[in-house]
Amino acid sequence: MSAIESVLVENRVFPPGEALTKAARISGMSAYEALCAEADKNPDEFWGRQARENLLWSKPFTRVLDESNKPFYKWFDDGQLNASANCLDRHIGTPVENKTAIIFEADDGAVTKVTYKELLARVSRFANGLKAHGIQKGDRVLIYMPMTIEGVVAMQACARIGATHSVVFGGFSAKALQERIIDVGAVAVVTANYQMRGGKELPLKAVVDEALSMPGCESVKSVFVYERTPTACTLAVGRDKTFTELLQGQSDECAPVAVDAEHPLFVLYTSGSTGKPKGVQHATGGYLLWAKMTMDWTFDLKDSDIFWCTADIGWITGHTYVAYGPLAAGATQIVFEGVPTYPDAGRFWQMIERHKCTIFYTAPTAIRSLIKASETNEKVHPKNWDLTSLRILGSVGEPINPEAWIWYHKHVGGERCPVVDTFWQTETGGHVITPLPGATPLVPGSCTLPLPGIAAAIVDEAANDVPNGSGGILVIKKPWPSMIRTIWGDPERFKKSYFPEELKGYYLAGDGAVRDAERGYFRITGRIDDVLNVSGHRMGTMEIESALVAKTDLVAEAAVVGRPDDTTGEAICAFVVLKRSLPQGDEAREIAKQLRDWVAKEIGPIAKPKDIRFGENLPKTRSGKIMRRLLRSLAKGEAITQDTSTLENPQILTQLDQTY
Ligand code: WTA
């Protein structure tokens, strides 16, 4: 039985600790239920109160929810605010101003700290630099940066002047960058010469140069380059400036631009079930509200906490729980440049000890790989460090299997820290289903219950509720402030993808789920569309297929499916028909390598198929449809139970059995 499947058999319950419950912001299940009831009874009043209490408004809103053009919901839409003012300026003149906002630990272990006051000055200077280059409210700025203070500063600076940012993860290729630059219509790119990961210096600016040399990127007028390392990079005269040049002579003060609550704070691309990534658009007011509220609720944030979310700013988790949430909540947070396995797999534990981290939030894939590492090397086991500062642990991005949950709880949390298994998506903006550390009895492998105000439910294909114990489609029945507003430039796709007619206006998450009979706890069973989750990263199978068939000199046809993997959750398995005879042995291995390198160039190294299998054809139904279920069985190495009598050429099944 694979680790993922064994989720099905875990029933132990871990009630929250008494001391934690007593001091918690949401203390005990009755407090949780009271909030749910309040949100349910009068959503307008509930959300209106939260928005007034949690955010600073330049112009107060008079209307909470505008449903006149469903599903294009608007929240607080006649109000105005600035996200950066809500993360920084609001703390000035309070005891938080001299509190450390960011403890930055570089790849090589060097530590830099900035206070809220200093961060505000840096963001303001950067914002002035952007303005001096003509960048203004409504412009789009693409950010392709390493995990650094500067990355957060760039995002906040955009928000400060009302420019919409679109952050692209530093692992994406030039081609992926080009597609996003074109789609979002970026006027500027913020990048670094290099990024440091695991002791290696990896180019970023060179990738930007390559992207900008491709057709369609003419909208980009400026490129700003952070000199992360002393190594030189090429700078195009007139277009490119170093950060030193950008910031030279700029003032430390920059008035934040008030924007409408619905003003797009950012567009973040994510994979969907077609070949083209979707630009998920979030609104300033609703998004920021939920970022702040979930910091307080899910992590029970206290003034003394040292919060650490290990996600990269290139993903939604790094947006909400690095760039915005912790700052809006006035927390001290750790930002880490490097990787969990450098210089060895004890890095996370060493950093928790070093910085006295109290809330640690990471992905199951990281936990599973660190479990493996500690099994072969005692010296990197968490027991070698003092982790007693920790009080809450979090998990995000993919289902956490009970074995990993129990290990995390025991060896990292000392059986003292609740593990909040937070379910959410790029589209939801912040947590939607998650335990509360001072309330919810925990069941490993279950994200437990929806947060107050989130009307999550499980329904069948006709939108009818299914009874607990039976699986179905995860939906959210009512709008909430931090929901996706649209897909950038493609409102029709937004409607079709998330509010399909047959679901009666419910938000379709794209995941399957089941509630347990006893508690009604949710357990996510995985995507119901063609989206894979590899190491907590969303990858569309169609996206990878398109990349493979774009290698026109070699590939005739390709189909991509996922299979369970003990470390990465799912692994990418590609079935490929070549335009030449079926390769064998070394030759097949060589072609497989070529294809992996090709996919890395087309999308990024994270999209490289782990398994590649060659066949003279793909298994198809009589009507010519690829039999994906059969491919999934083949990828898993399962016995074939499907009817294969319609296959034109049954021997391809034997060919497709061989992995390269
Ligand atoms: C999956 C990441 C199970 C799910 C925040 C979702 C999870 C997709 C969990 C979104 C969890 C995320 N348990 N599955 N706790 N959290 N997922 O947009 O399939 O990168 O739809 O957002 O990750 O991935 P995304």
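Details
- Selection of the stretch 398-429 for residues being aromatic (Phe, Trp, Tyr) and either within 16 Å of the ligand (Cβ to nearest atom) or assigned to a strand (DSSP E or B) (or both) yields Trp405, Tyr408, Phe423, Trp424.
- Test: residue in the stretch 288-303 that is surrounded by fewer than 17 Cβ atoms within 10 Å (Cβ to Cβ) and modelled with pLDDT of 95 or more: yes
- Residues being surrounded by 15 or more Cβ atoms within 10 Å (Cβ to Cβ), modelled with pLDDT under 90 and closer than 21 Å to Leu532 by Cα - total across the stretch 609-626: 1
- When residues of the stretch 643-657 are limited to those that are surrounded by 15 or more Cβ atoms within 10 Å (Cβ to Cβ) and assigned to a loop (DSSP other than H, G, I, E, B), the one modelled with the lowest pLDDT: Leu647
- Subset of the stretch 279-307 [within 16 Å of the ligand (Cβ to nearest atom) and not in a loop (DSSP other than H, G, I, E, B)]: Gly279, Val280, Gln281, His282, Tyr287, Trp290, Ala291, Thr294, Met295, Trp297, Thr298
- Condition check for Ala85: of a type outside the set (D, E, K, R) and at pLDDT 95 or above: yes
- Taking residues in the stretch 246-258 that are in contact (Cβ under 8 Å) with a residue 12 or more places away in the chain, and partners anywhere that are outside any helix (DSSP H, G or I), the pairs with Cβ atoms closer than 6 Å and at least 6 places apart or on different chains are Leu246/Phe224; Pro256/Asn82; Val257/Lys137; Val257/Gly162; Ala258/Ser58; Ala258/Gln80; Ala258/Asn82.
- Residue-level analysis places Val168 outside the set of residues that are within 26 Å of the chain's Cα centre (by Cα) and free of Cβ contacts under 8 Å to residues at least 60 places away in the same chain.
- Those residues of the stretch 77-92 which are within 21 Å of Trp47 (Cβ to Cβ) and assigned to a helix (DSSP H, G or I), in sequence order: Ala83, Ala85, Asn86, Cys87, Arg90
- Within the stretch 629-656, residues that are among the small types (Gly, Ala, Ser) sit with their Cβ atoms under 6 Å from residues that are at pLDDT below 85, at 6+ positions apart or across chains, in these pairs: Ser633/Ile640.
- Some residue of the stretch 572-593 being within 16 Å of the ligand (Cβ to nearest atom) and under 22 Å from the mean Cα position of the chain (by Cα): yes
- For Met542, the conditions (1) surrounded by fewer than 22 Cβ atoms within 10 Å (Cβ to Cβ); (2) within 15 Å of the ligand (Cβ to nearest atom); (3) in contact (Cβ under 8 Å) with a residue 60 or more places away in the chain all hold with the exception of (2).
- If the condition is being farther than 14 Å from Thr440 by Cβ and either under 27 Å from the mean Cα position of the chain (by Cα) or modelled with pLDDT under 95 (or both), then the stretch 29-44 contributes only Ala39.
- Subset of the stretch 537-580 that is assigned to a strand (DSSP E or B) and of a type in the set (Gly, Ala, Ser) - its residue that is nearest to Glu403 (Cα to Cα): Gly569
- Tally of residues being touching a residue at least 60 places away in the same chain (Cβ under 8 Å), of a type outside the set (D, E, K, R) and more than 22 Å from Gly397 (Cβ to Cβ) across the stretch 517-529: 1
- Leu370 being modelled with pLDDT of 95 or more, buried (at least 24 other Cβ atoms within 10 Å of the Cβ) and away from the ligand (no atom under 16 Å from the Cβ): yes
- The residues listed here are Ser395, Ser446; of these, the one that is assigned to a loop (DSSP other than H, G, I, E, B) and either of a type in the set (S, T, N, Q) or modelled with pLDDT under 95 (or both) is Ser446.
- Residue list for the stretch 519-536, filter: closer than 18 Å to Ala559 by Cα and either of a type in the set (D, E, K, R) or outside any loop (DSSP other than H, G, I, E, B) (or both): Arg527, Asp529, Asp530, Val531, Leu532, Asn533, Val534
- The stretch 517-538 - residue that is within 12 Å of the ligand (Cβ to nearest atom) and among the aliphatic types (A, V, I, L, M) and, of those, farthest from the chain's Cα centre (by Cα): Ile528
- The numbered conditions (1) free of Cβ contacts under 8 Å to residues at least 40 places away in the same chain; (2) under 30 Å from Leu177 (Cβ atoms) are all true for Lys610 except (1).
- Restricting attention to the stretch 495-513, the residues that are within 12 Å of the ligand (Cβ to nearest atom), surrounded by fewer than 23 Cβ atoms within 10 Å (Cβ to Cβ) and either charged (D, E, K, R) or over 26 Å from Val168 (Cα atoms) (or both) total 2.
- Pairs, first closer than 19 Å to Trp480 by Cβ in the stretch 500-516, second hydroxyl-bearing (Ser, Thr, Tyr) and within 16 Å of the ligand (Cβ to nearest atom), C-beta under 7 Å, six or more apart: Tyr507/Tyr498; Leu508/Tyr498; Ala513/Thr525
- Hey, Leu387 without any contact (Cβ under 8 Å) to a residue 40 or more places away in the chain and within 14 Å of the ligand (Cβ to nearest atom) or not: no
- From the options Gly79, Gly28, residue that is of a type outside the set (Ser, Thr, Tyr) and surrounded by 18 or more Cβ atoms within 10 Å (Cβ to Cβ): Gly79
- Qualifying residue in the stretch 119-131 (condition: at pLDDT 95 or above, crowded, with 18+ Cβ neighbours inside 10 Å and outside any helix (DSSP H, G or I)): no
- Taken over the stretch 447-498, the residue count meeting the criterion of being among the hydroxyl-bearing types (Ser, Thr, Tyr) and within 19 Å of the chain's Cα centre (by Cα) is 4.
- Considering residues of the stretch 308-345 that are away from the ligand (no atom under 13 Å from the Cβ) and part of a helix (DSSP H, G or I) only, the residue nearest to Arg197 (Cα to Cα): Ala323
Residues checked against (1) surrounded by fewer than 17 Cβ atoms within 10 Å (Cβ to Cβ); (2) modelled with pLDDT of 95 or more; (3) within 16 Å of the ligand (Cβ to nearest atom):
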position	(1), (2), (3)
Gly453	no, yes, no
Val466	yes, yes, no
Pro479	no, yes, no
Trp488	no, yes, yes
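- Some residue of the stretch 155-162 being surrounded by fewer than 24 Cβ atoms within 10 Å (Cβ to Cβ), touching a residue at least 24 places away in the same chain (Cβ under 8 Å) and either touching a helix residue (DSSP H, G or I) at 6+ places or on another chain (Cβ under 8 Å) or closer than 16 Å to Phe224 by Cβ (or both): no
The values are calculated or read from the model by the stated rules, or taken from the named source; none is laboratory data. Predicted model only: the values in this text are computed from it and were never measured. All Cβ positions, glycine included, derive from the backbone under ideal geometry; neighbour counts span all protein chains shown.
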